[in-house]
Every structure is written in C-alpha cells, then in structure tokens.
Amino acid sequence: MIVNERAINALVIAGLVGLPLWALVMDEPFTITLVTRAVILALAAAGLNIILGFGGMVSFGHAVFFGIGGYTMGILAYHAQTYTALDLGAFTTGGTKSMPLIWLAAMGLSAIVALFIGLLSLRTSGVYFIMITLAFGQMFYYFAISWAQYGGEDGLSIYVRNDFPGLNTLQPIQFFAICFALLCIVLFVKARLTASPFGLALNAARQSGARVETAGLSPLRLKLLAFVISGAITGLAGALFADLNRFVSPSMFSWQLSGELIVLIIIGGVGRLMGPVIGACVYVALEHVLGGITEFWHVYLGLILLSIVLFARGGLIGLLTGKEGAHV
Amino acid sequence: MPSLLIIEQILNGLQFGVMLFLMAAGLTLIFGVMGLINLAHGSLYMVGAFAAAAVAGATGSFFLGLVAALVAAAFAGAIVEIVVIRRLYKAAHLDQVLATFALILIFSEGTRWVFGSFPLFLDIPDAISGPVTLPGGIEYPLYRLVLIGIGLAVAVGLWALIERTRIGIQIRAGENDREMIAALGIDISKLYTLVFALGAALAGLAGALVGAIQSVQVGMGEPVLILAFVVIVIGGIGSIRGAFVGALLVGLTDTLGGVFLPELFKLFMEAGAAQRSGSAIASMGIYILMGLVLVWRPTGLFGARA
C-alpha cells in the first residue's frame, strides 16, 4: 500500500483536531489530556528533529531542554503562587503565572544552555557527540536531584495551571487548543526553515561539512544555530508538559526521556516534518493501550522498536509512502 | 586523622574506578573492533548481577554466583550479538542507539517480569567480608580491597590477552582492517561474537561484584553505563589504556569530590550552604572533568581517531 505523504499529514492533523472535539462531546476529558500529552511530546520531538533529522546530530541529551523548560515553569509559578521573591542576582522578581512569559523564559534559558552545550559538544561528532550529550543530560539530572530548594528528588508540584489571557486553561480542551496552536506554529516555522537558505545549508552540512566550508559557510555555526533553535523548542515543550501535569521532577531530565524523544522521531520517520507528530501519537496510543493490557508494556515497545530499526527504516511514514529516506 | 580519611577515600575511589573499568573496557573494545555503540551494555551488567544473586541464593555459594554471572552475561551477550547486533554493524549510529535502546527496554522489563520489582541481595562470603587493618592503622573493608585486586587483575589479563595472544592479534587487526583479516582466513563473525561475549562477561562480572555492595535491581545498569560512557569519552573511544586511566580518574573525581568539595566550600561559606552547593557541584564533577578533557583533546586522552 503506497500512500501520499501529504495525505498522511492531513489525516494526522484532522485526527488531532477531531479526537479531542469528539471527546469533548462525549465528555471524556481524559482522552483530551491524552491527546494533549501526544501534542506536547510531538512538539519536543519536533525540536529534536531539527538537529537529528535535518542536521544529522544525534543528541541523546535533549531531555536537558525539556527539563529546563519544566523547571522554568515550576520555579516561576512556585514563586508567584507562594508570593515569595525569586532572587536572580541582578534583580528579584515575584515569579509569574502568565504562560506567554513563562514560555519566553523557558525558550530563552534553553537557548542559552543549548549554546553552551552546543559549543562544547559540537567540537566532536559521531559517537562522541551522542555520549557527550547523554552525559550533559545526566549532569542536569543529578543537579536537579540535589537542588533541595525546589523539591530535589521529589520534584515540585504547582497546584493551579498557569494563565493564558482570555482562556480558561483549566478546561482540558482550552489547554489542548493552546498546545495544538503552538505545535502548528512550530511546524510551520520548521517547514519554512527547512526550505530557507539556512535549512538548505544545514542539510548540506549534514551531508558534507567540507563542501559547505568551501562554499564559504561555517558548518559549526550552522549546526550551533540549529542546536540552539532545537533546544529552545524542546524547552517550550517542557514548560507545556509541566503545565499539563502541574508537576516537575528530575525525571524530566532523565536519559530515558531523551531516548524516548529519539524513539518518537524514529517511529514516525527521521527528517520528516510530521514524523515526530505521528511518532508521538503512536507512542501515546501504544502506552495507553499496551499499558492497559500489561504492566510490562515496555517489552513490547522494545520489540516494536527493534523491528522498526531492523525492518522498517524510514519509520511509519516511510512504510506507508514506500520511500525509505525523507531527503530527495 | 584527616590523612587516614584521605587514604580511605582514595581507596574507595580506586575501587569505584576499577569496577567502572570492567564496564568501560567491554564498551570500548566493542566500539573499537566493531564500531558499535552499545547502550545495552548496562543490561548485561544487570544480567550478571541477577544471575549471581539467583545462583548464590540457591546454592549459598558466592563463588558459584560469580561464575554464573560470567556465564549468563557472556551467553546473553552472544545471543544478542547473533540475533540483533550483527545486523547493526554497518548501520548508522542512530540505528545502533535505537536498537540497543530497545534492547534495554526488553531486558529491563523482562527482568522485572521474571524477578519482580523488589531488589535482591547478594551476601559477601565471610572469608572476604569484614574490615582489615592496613599498614598505618587504617581499618578498611576487605571486600573492597578484593574488588580492587580483581579489577587490576582483569586489567592485566586483558592487556596480556590483547597484546600477547593470537586472539589479541586478531582483535587488533580487526580494529584496523576488517576486510584484510577476513581475507586472511579468519572468521570475522565468530571473532565479533567472541569480542561481544567477552565484553558482556566483563560487564556481568562487574554487576555481580558491585551487586554485593549495593542491591541488585532492575535499572541498576544504566547509571553505570552512562558513567562508563564518560570514562571512554575521557580515555578516548577504542583505547583500553584510555578506559583504564579514564575509569580511575572518574572514580577518584567522583568519590573525592563528594567528600572534599563540601569541606573545601566550608572554608569560605557558611556550613549549610557549603554542604548544599559543595555536593551539588560534586555530583556534576565528572561531567565538568569530561568537558575540560574535551576542550583540551576532543578525541579523549588516548584516542587517535576522530
């Protein structure tokens, strides 16, 4: 069966809009939350896909940015809700409950951290890069565990979801709409980015750094910029994820999460615009269905993953469209 | 006496380091010879620990438990190599990461299925438990000294195996040019299975030995795996010597940092804050070390190839 990739993409978007609306009519808020979770994970993986799919950099530490986004939300909201001051050295703030501000802070912080991690880890490539990003992830994980002020190992609960002007974020469908809108914006920007001179140069740097250099461009700079953008998007997803659960914990920094983000992309298809979205939907569905059947659903997830790597290169989109690679 | 404390902590660091070496040696060997990044190495560590705990629990013999750990991990490694890993040698690193990540999921949940979620315990036999008095009046657990001894013995044995035996020549040749040694009539796929099983056995041994000081539980392998990654990144991927130096550096940094950084911070901070920030920075110490090494030498201390 060969299907057009555009048709699949349209179907997925339609499903993402239709399912929550159906759940709203049927009064099943849990389904809406489930779809919201898939959308947020898709957003995080979409961030990772910029460097992994288009830039060819396998970051095994992207949970760093997810966690930074989560903790940014957690810390700002914690101070706002407890009316305590947050001392940032140069100035103090009372925190904030406003989602847009939290998003800006989360993306900004993630971008700064991505700049530092990128500067260090992009000195290397291949296996070294994989291991170094993994190690940075662990570094943040252990830091979060030892950060007693914000819950340490137990994490930090935020009792009320943050505010978005004009919306009631406590309604699952309205929070879903926010997340979905952000995902659409990011996917749109990503599509434009891929077609832009920067995207083309990044793709070229993935294929041959030396040729890009002879064309007068710096592969390191291209990759670093992609890494920073990627980190900022994953950071945004982290802030949303924390708001969805109203809870942040060091597990947002865990290496398993970094692995899962890669898994989402692979399930859907590397380097494809909708790959992370399809991957996230399938993953959350699997988690829900298999998790309901057996406590040990990870065994099946492992087997499915293994068969995708061994037999279905190109992920689900590759399988359905009959094209293994995403790139022309 | 502070100097006694320092010596004790150095011994702890050495013990931690040599156990890391057992893990890192297998990882670096597998990468050096087959070019494979194996995330499931931590699972083999866990398999070793569980095999040791199960057999030692059933027979009452710690020694039999160790043998079981070696055999079970080598066996699991060989099976995994033949069924899955063999198909990945020519694949991209991303595929290798993913497939071995899938193996972690299967191993971890499979083990939970068989043994349950509660940790098992592995008792140290009486003959090598309890403290000994070292010259200078230091009381130190005998078992940890035994671990240091075993680690050093394995390091020497591995060196001899690779530098002095026929198999070692083949392994080194396999690192340099796999087509060439295949052309010389050596069954390369058998050699690969052997190297993988050897790495697995070392990981299983480490799991069993460490399992006796900590508890044996699902998920015990991955933190060690990541530390072993740090070790081989510092040492240079593919270099056994690098793995040894890296393992000792990481072991000592982690152990000494955790004890002495808070003390150091107390010199210029108030005690509570010093304790907090000292231990926070100590927990990141080895990653900072790794970062510094990479700035200095992007391919690690003993790594020649990029």
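The values are calculated or read from the model by the stated rules, or taken from the named source; none is laboratory data. All of these numbers come straight from a predicted model, not from anything done at the bench. Neighbour counts run over all protein chains shown; Cβ positions are idealised from the backbone, glycine included.
Taken over the stretch A:1-30, the residue count meeting the criterion of being more than 16 Å from A:Gly279 (Cβ to Cβ) and buried (at least 17 other Cβ atoms within 10 Å of the Cβ) is 3.
Quick check on A:Ala205: is it out of contact with any Cys (no Cβ under 9 Å at 6 or more places or on another chain), more than 22 Å from A:Leu76 (Cβ to Cβ), surrounded by fewer than 19 Cβ atoms within 10 Å (Cβ to Cβ) and modelled with pLDDT under 90?
So A:Ala205 fails the test.
Among the candidates B:Phe302, B:Phe268, the residue that is in contact (Cβ under 8 Å) with a residue 12 or more places away in the chain and either more than 10 Å from chain A (Cβ to nearest Cβ) or more than 20 Å from the chain's Cα centre (by Cα) (or both) is uniquely B:Phe302.
Restricted to helices (runs of 4 or more DSSP H) entirely inside the stretch A:205-321, those with at least 2 residues that are free of Cβ contacts under 8 Å to residues at least 60 places away in the same chain, away from chain B (no Cβ under 12 Å) and of a type outside the set (Gly, Ala, Ser) are A:209-214, A:219-245, A:275-293, A:315-321.
Within the stretch A:113-123, identify whether any single residue is free of Cβ contacts under 8 Å to residues at least 60 places away in the same chain and either outside any helix (DSSP H, G or I) or acidic (Asp, Glu) (or both), and answer yes or no. Among the residues of the stretch A:113-123, at least one is free of Cβ contacts under 8 Å to residues at least 60 places away in the same chain and either outside any helix (DSSP H, G or I) or acidic (Asp, Glu) (or both), which makes the answer yes. Of all residues in the stretch B:214-243, count the ones that are touching a residue at least 12 places away in the same chain (Cβ under 8 Å), more than 8 Å from every other protein chain (Cβ to nearest Cβ) and in a loop (DSSP other than H, G, I, E, B). The qualifying residues number 8.
Scanning the stretch A:83-102 for residues that are over 25 Å from the mean Cα position of the chain (by Cα) and either surrounded by 15 or more Cβ atoms within 10 Å (Cβ to Cβ) or in contact (Cβ under 8 Å) with a residue 12 or more places away in the chain (or both) yields a count of 3. When the stretch A:17-63 is limited to residues that are within 14 Å of chain B (Cβ to nearest Cβ) and part of a helix (DSSP H, G or I), the one that is nearest to A:Pro172 (Cα to Cα) turns out to be A:Ala45. Restricting to the stretch A:103-137, name every residue that is buried (at least 20 other Cβ atoms within 10 Å of the Cβ), at the interface with chain B (Cβ under 10 Å from one of its Cβ atoms) and more than 15 Å from A:Phe60 (Cα to Cα). Within the stretch A:103-137, no residue meets the criteria.
Can you tell which of A:Gln149, A:Gln174 is part of a helix (DSSP H, G or I), free of Cβ contacts under 8 Å to residues at least 40 places away in the same chain and within 14 Å of chain B (Cβ to nearest Cβ)? Give the derivation first.
Values: A:Gln174 fails: within 14 Å of chain B (Cβ to nearest Cβ).
The conditions single out A:Gln149.
Residues that are within 9 Å of chain A (Cβ to nearest Cβ) and assigned to a loop (DSSP other than H, G, I, E, B) were ranked within the stretch B:276-299; the one that is farthest from B:Phe31 (Cα to Cα) is B:Met284.
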